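Working notes, structure below.
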Amino acid sequence: MADNKISDAPKYELSLINQGLSDRGLRSQSSPHCSHLSFLQVLLVFAKEDSQSNGFCWACEKANFRCSMARTPESALECFSEKHHDLVIIDHRHSRHFDAEALSICMLTCVLFLRPDREEASVMPLINAGFNRRYVENANMMACYNELLQLEHGEVRAQFKLRAGNAIFTALEQSQEAIEITSEDQVIQYVNPAYESIMGYQKGELIGKEIIEVPKSEKNKPDLLETINSCIRKGKEWQGIYYAKKKNGDSIQQNVKITPVIGQGGKHKDRRKGSLDVRSTTSRGSDGSSQRRHSSMARIHSMTIEAPITKDGLRRLSGNEYIFSTKQPHHIPSHLITPLSLNDIPPRIAQTMENEDSWDFDVFNLEAATMKRPLTYLGLKIFSRFGVCEFLNCPEATLRSWLQVIEANYHSSNSYHNSSHAADVLHATAYFLCKERVKQSLDPIDEVAALIAATVHDVDHPGRTNSFLCNAGSELAILYNDTAVLESHHAALAFQITTRDDKCNIFKNIERNEYRTLRQAIIDMVLATEMTKHFEHVNKFVNSINKPLAESVKSVLTSPENRILVKRMLIKCADISNPCRPQELCIEWAGRISEEYFAQTDEEKRQGLPVVMPVFDRNTCSIPKSQISFIDYFITDMFDAWDAFADLPNLMQHLDNNFKYWKGLDERKLHSLRPPPE
Ligand SMILES: *[C@@H]1O[C@H](CO)[C@@H](O)[C@H](O)[C@H]1NC(C)=O
Ligand SMILES: *[C@@H]1O[C@H](CO)[C@@H](O)[C@H](O)[C@H]1NC(C)=O
């Protein structure tokens with residue numbers, strides 16, 4: 001089109017192209033205070049080296065950006081398709097050598113600098129070609145450097161944000177949870193496909209409508225909506241049971257979480273319905289089955305979204321190149337895409353799991369490498385090592401879906417009780433199962449039960465303790481009569497999630513009797529993690545197993561009652577093995593649990609509830625002291641007994657080291673996780 005204009009364009013013209021497919025959008029989004037994007041990738045396309053190209057090279061170095069140089073359009077494209085630079089600078093002074101427009105078609109948006117002595121008109125062809133800035137010849141290195149910084153802070157970050165937003169909406173589109181976004185004045189802005197299929201509406205029927213216009217279920221208490229709204233108005237999160245009305249008039253019960261979102265432009269509200277809760281089976285709506293299958297739903301209130309957003313709208317917003325497709329799973333920001341099978345696990349992730357059979361395995365590396373999906377990946381690996389699919393006669397795809405849905409039901413927002421803790425407990429369980437004595441006493445079905453129990457043992461943990469839930473009169477506490485509230489919930493929910501959908505029902509192909517045995521064993525183990533029964537379990541184990549064993553009564557190992565005691569002890573030890581981990585891991589876990597308890601104390605104070613763990617007050621707590629007490633009170637005796645049975649000298653060594661570490665800090669009167677830097 002405007003070729004001729006371009007070729008008689010100013011003598012010196014550099015076009016800066018901004019592009020790239022990195023995941024930095026999300027990272028820059030989540031840490032907005034970071035003032036500098038690390039390793040921005042810059043591609044310089046210059047036919048010849050000269051003072052101008054040198055100026056930019058130097059500027060890149062000064063800004064700590066990675067810089068590549070290409071001499072021909074072909075090599076530029078090749079280089080770009082490999083590295084997906086964030087910024088491309090094309091030398092357009094000699095357009096005979098370089099067809100910048102041709103390049104721009106492949107490379108997308110760009111940046112144009114205006115030359116003061118040229119009329120605006122000459123910019124249009126470049127803008128039409130997709131460039132967005134033009135740089136006037138200026139080899140001054142500081143000029144180049146300032147230009148790069150301006151680009152970084154302006155265009156590049158804006159692009160990252162768009163991509164991050166786009167990735168998140170793509171995730172919403174694929175989520176199995178129903179999600180609805182409304183503006184602050186409750187006008188529906190967006191519903192995802194899961195919402196459409198669960199509620200029976202087409203998005204066109206909802207978008208632009210006010211929430212009040214959508215029929216409500218009569219099953220809700222009359223004042224519920226007002227309660228929710230006043231909660232949201234105060235900027236507080238609301239969570240509870242809500243009956244939604246489907247288009248066909250049926251009511252479905254849902255567990256809803258509503259979180260206000262604050263962002264640019266004022267107050268924002270984010271409603272999120274969590275996953276299926278045990279309550280939906282205890283009181284069911286008219287069509288129980290489909291309701292159980294689909295009773296999870298999310299709503300997001302947001303003021304940032306000013307116009308109705310559709311998938312297509314988003315695509316237009318930032319170009320389909322930015323849509324994260326299945327071809328680029330590593331760009332998916334969340335849990336939504338996992339490998340097809342064990343063989344498809346990305347090498348980077350596989351590498352972090354290479355030593356998963358060692359006690360010193362670092363689950364935090366896996367947490368980082370998997371973008372917070374450690375349970376799914378570690379589960380795939382460990383379950384395959386133990387032949388769980390073969391035992392259950394279930395396809396690997398079912399196991400994968402099961403792991404995904406279980407992991408999705410852990411709360412990533414908990415500092416401690418999120419899926420990394422589950423992965424850690426699964427890891428310890430698998431480790432213990434390989435110990436000779438344990439192998440002698442357990443059957444294959446016990447092993448499978450233990451691995452499954454470890455995976456699910458804290459699912460949907462709200463990040464608050466049983467006592468808190470009882471004091472707060474939470475629905476769960478009421479449902480379970482204040483007794484083993486969370487443990488009962490974890491066990492019940494795990495079976496609900498598993499059996500409500502054939503796609504993830506790992507028990508589908510086993511015999512009824514075997515299922516019954518397995519189910520009983522899993523429930524028993526999950527309930528055994530309740531700490532009020534701690535001493536009871538440890539004492540029974542010592543009296544029924546360790547003492548007779550010391551008197552070499554061999555039969556103790558295989559009696560069914562004793563197998564139960566071994567399994568309980570195994571999962572209990574796995575559950576609270578943090579003080580027996582290598583020091584760095586032990587410290588990280590201590591930090592996470594303290595933070596979760598601090599948050600509980602904060603909330604108790606805020607709501608005027610009894611403070612159940614006054615020691616865990618962030619203003620006064622000594623973490624070393626709290627760890628010392630925990631080890632003294634719960635850990636030492638239990639692990640002595642477990643070590644006597646299973647032979648775990650390495651764990652005992654770590655325990656000893658860690659204990660000394662906390663003692664050392666305490667002697668220095670330090671309250672923190674680590675000593676201050678020298
Ligand atoms: C668990 O919580 C920690 C914060 O303590 C967080 O850094 C981590 O990403 C969370 N992990 C998962 C899997 O959600
Ligand atoms: C709670 O207590 C009531 C009354 O004793 C009883 O009927 C109900 O089954 C109990 N529920 C549970 C989950 O134990």
Assigned charges on the beta-carbon of Lys, Arg, Asp, Glu; the stretch 352-443 dipole about Cα centre (debye): 180 debye
The stretch 533-675 - convex hull of alpha carbons, volume per residue in Å³: 111 Å³
Under the Debye formula (equal points on every Cα, no solvent term), log10 I(q)/I(0) of the stretch 458-537 at q = 0.16, 0.21, 0.22 Å⁻¹: -0.67, -0.98, -1.03
Stokes-Einstein D in µm²/s, Kirkwood radius over Cα pairs - the stretch 167-207 at 4 °C with 1.567 mPa s viscosity: 126 µm²/s
Relative contact order of the stretch 550-678, pairs being alpha-carbon contacts under 8 Å that are 6 or more residues apart, as %: 31 percent
Calculated Rg and Dmax of the stretch 395-456 using C-alpha coordinates, Å: 13.2, 40
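After finding the eigenvalues of the alpha carbon gyration tensor for the stretch 499-591, what semi-axes result from the square roots of 5 times each, listed largest first in whole Å?
Taking √(5λ) for each eigenvalue gives 27, 24, 11 Å, largest first.
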Sequence-distant residues sharing a close amide H with Trp238 (under 5 Å, placed H): Ile258, Thr259
Sorted peptide list for 146-159, 187-200, criterion being average Cβ within 10 angstrom, highest first: 187-200, 146-159
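Return Thr636, Thr465, Thr483 ranked ascending by Cβ neighbour count within 10 Å, so the fewest neighbours appear first.
Thr483, Thr636, Thr465
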Principal semi-axes in Å for the stretch 134-182 [√(5λ), Cα gyration tensor, largest first]: 40, 8, 7
Cα-based reach from Lys219 at 16 Å (exclusive), listing aspartates and glutamates while leaving out same-chain residues under 8 positions away: Asp250, Asp287
Anchor Lys663: lysines whose Cα lies under 19 Å away (excluding residues fewer than 8 positions away in-chain): Lys625
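FYI, it's all coordinate maths here, none of it is from the lab. Predicted, not measured: the structure shown is a model, and the values here were computed from it. Positions of Cβ are generated from backbone atoms using ideal geometry, with glycine treated the same way; all protein chains shown enter the neighbour counts.
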